[in-house]
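K.L.:
Have a look at this one.
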Amino acid sequence: MPTKTLRLLRLLWLSVRRILQYAWRFSWWTTAGLRDARIRPKGLRLLGLGLAIGFLVGWANSEVIHVFTDRGSMPKPVTPPPPGMAWARVLTTGYCPCTSCCGPNAIGRTAINKDVRVHPYGIAADKGLMPYRTTLYVPGYGIAEVDDTGGAMRQNARRGRFHLDLRFTDHAQARRWGVRWMWIAVPAGVGAASLPESR
Ligand SMILES: [Zn+2]
């Protein structure tokens, strides 16, 4: 099976597992009602409710919802961008070189074959929106080069969303970055500059 399919299957499994975990967490206490015949019908209804709440919370907690809830959280910068640049609205997330972030076949090399031990910091993007080797300043992260890509970035690009994944050296640090929408200055000619979201 190609790596892409494997990654997709793994992502699907992780999502299902997370949703089930929440469904379980919110429903186990309601099963107590099932042990008593007198309140069993109520118990079943509660179980259903617990599962429903569990699914909702599980879904709400998945990364997907952040994309919707964080929209519009930052207004466009008030000044013009630096010469030759344009303001672009961007969704930022964090990753590290571990197998949890980069899939079971992670080999510690970026999409343009950089060794992550030599280049611990860098940015993953959709190359149609942001060409490799572009240097960007991301507030709160720093100044880094686009040297990697990923399925999530390509998928967001297809939906007209500019997504950057910022590389950290350890997993906890990457998780702590979370999901943040912001505005950054990008070279005026790149795809990300002309997205409807950046207007
Ligand atoms: Zn990681």
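No value in this document is a laboratory result; all are computed from the given coordinates. Quick caveat, the model's predicted, so the values are computed rather than measured. A quick note on method: Cβ atoms are made from the backbone with ideal geometry, for glycine too, and the neighbour counts reach across all protein chains shown.
K.L.:
Over the range 86-199, what is the mean sequence separation of C-alpha contacts under 8 Å (at least six apart), divided by residue count, expressed as relative contact order in percent?
P.N.:
Result for the range 86-199 is 43 percent.
K.L.:
Only counting other Cβ atoms within 10 Å, I'd like ILE184, ILE53 sorted with the fewest neighbours first.
P.N.:
ILE53, ILE184
K.L.:
Between ARG18 and GLU197, what is the FRET efficiency for a Förster distance of 30 Å, r being their Cβ-Cβ separation, to the nearest 0.05?
P.N.:
0.60
K.L.:
Among PHE162, PHE55, what is the fewest-to-most ranking by other Cβ atoms within 10 Å?
P.N.:
So the ranking, lowest neighbour count to highest, is PHE55, PHE162.
K.L.:
Let me ask you something else. Going by C-beta contacts inside 10 Å, put LEU136, LEU47, LEU9 in order with the fewest on the left.
P.N.:
The fewest-first ordering by Cβ neighbours comes to LEU9, LEU47, LEU136.
K.L.:
A further question on this structure: Could you size up the charge dipole of the range 78-198 around its Cα centre, putting +1 on the beta carbon of Lys and Arg and -1 on that of Asp and Glu, and report it in debye to the nearest 20?
P.N.:
The dipole magnitude comes to about 200 debye.
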